[in-house]
There are 2 protein chains.
Amino acid sequence: MPDDRWENALSRVLELTLLLGRDATENLTRMGLTEARAHLLWELRTLAPCTQRELATVLRVTPRAVTALVDGLAETGFVTREPCPTDRRATLVTLTEQGHATTQVMVDGFRNLARQLFTDMPADVFDGFDDGLIHVISRLRTLLARNQQEASTTQAGH
Amino acid sequence: MPDDRWENALSRVLELTLLLGRDATENLTRMGLTEARAHLLWELRTLAPCTQRELATVLRVTPRAVTALVDGLAETGFVTREPCPTDRRATLVTLTEQGHATTQVMVDGFRNLARQLFTDMPADVFDGFDDGLIHVISRLRTLLARNQQEASTTQAGH
DNA sequence: TATTGTTATACTCTATAACTATA
DNA sequence: TATAGTTATAGAGTATAACAATA
């Protein structure tokens, strides 16, 4: 198989990420959310109530960034902070009623998008698409793990 | 087909975008680039020399943002500004030698990634994956165009 | 001692608005 | 008048470092 076809496919993947990002930003803006805050809310949907430390880990940002994001989400009424009963250093972030309603809108939007993207895709194409996704994600995970390893050995070398 | 499979596929697409972003950020950081600056450089690869106005249009950001990005890229030696010979208001952004070398590294990385992602994907799976991408991108374009239209009519209604 | 979250500070990206120079 | 790019200003997101409270 010529490399051209692979490069075209990867170009399409990148275009897809651009278009999805554009769609998401538009919809989130209408809900009064940014992508970073929506990402936190999305994780909270399954993790709440959870500590800011946990959020920092799953979002792959610093605790400082979580403080800022939770500040914003609390000011706009999506979440509240509560003291953690078992660890007085920690605070638990929970969804308000508005926060629950908003994550539900996000879930509905997600399902709706899935339906609109795939509803009239031929079954055999869908199967190949899904298998391809699994394959590509697996490859990418391997690559990232390898980079991670290289980075840490490089650091150790200093 | 049950909606579950569509939702799982969309989840995988989102995961893929996350992983690709992580990989890109890591590689770009090593080159002394951010994603925004790399995006501008990537467009410059085919457009240079071009005006900042053109860059603002293709990057979908304001002229002000382009000024800031070009400032940063010029300071770090990737691009230079030159007066536009046909329009004295405009400036042409061109790639320096370092800029050319860097975009070449980016292209090589892109090709390398395509190879690593698809090299041992069965041909029939690849075909389905690629067809699926085309289908999904087409749907998404339609959706975005519809949202765009709604937004402008809503605005006109005021 | 290690961990949780904060304050202090700074950098990048982006936007709007007002302005200059040019078309 | 309209356009290209800038300055001024502001807000969001993120990072590092120093610190307080707690484990």
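For the range A:44-59, check the following and say yes or no: at least one residue is within 11 Å of DNA strand C (Cβ to nearest atom), in contact (Cβ under 8 Å) with a residue 24 or more places away in the chain and charged (D, E, K, R).
yes
Which condition number does A:R81 fail, the rest of (1) away from DNA strand D (no atom under 13 Å from the Cβ); (2) under 18 Å from the mean Cα position of the chain (by Cα) being met?
Failing condition for A:R81: (2).
Which is in contact with a Gly (Cβ under 7 Å, 6 or more places away or on another chain), more than 7 Å from chain B (Cβ to nearest Cβ) and crowded, with 18+ Cβ neighbours inside 10 Å, of A:V79, A:V125, A:V93?
Residue meeting the stated conditions: A:V79.
Go through the range A:55-66 and count every residue that is more than 6 Å from DNA strand D (Cβ to nearest atom), more than 14 Å from chain B (Cβ to nearest Cβ) and loosely packed, with under 15 Cβ neighbours inside 10 Å.
Count: 2.
For B:R88, are the conditions met, namely being assigned to a loop (DSSP other than H, G, I, E, B) and either over 30 Å from A:Q116 (Cβ atoms) or in contact with a strand residue (DSSP E or B) (Cβ under 7 Å, 6 or more places away or on another chain) (or both)?
In short, yes.
Condition (residue is part of a loop (DSSP other than H, G, I, E, B), surrounded by fewer than 16 Cβ atoms within 10 Å (Cβ to Cβ) and within 14 Å of another protein chain (Cβ to nearest Cβ)) applied to the range B:96-119: is it met by at least one residue?
Within the range B:96-119 (the criterion being part of a loop (DSSP other than H, G, I, E, B), surrounded by fewer than 16 Cβ atoms within 10 Å (Cβ to Cβ) and within 14 Å of another protein chain (Cβ to nearest Cβ)), the answer is yes, since at least one residue qualifies.
Got a sec? Which of B:R64, B:R45, B:R22 is among the basic types (K, R), closer than 14 Å to B:T94 by Cα and part of a helix (DSSP H, G or I)?
Just a single option satisfies the conditions, and that option is B:R45.
Taking the range A:1-15, which residues are surrounded by fewer than 18 Cβ atoms within 10 Å (Cβ to Cβ) and closer than 18 Å to A:I137 by Cα?
A:E7, A:N8, A:S11, A:R12, A:L14, A:E15
None of the figures in this text is laboratory data; all of them are computed from the coordinates on show. Keep in mind that what you see is a predicted model, and the values were worked out from it rather than measured. Cβ atoms come from the backbone with ideal geometry, glycine included; neighbour counts cover every protein chain shown.
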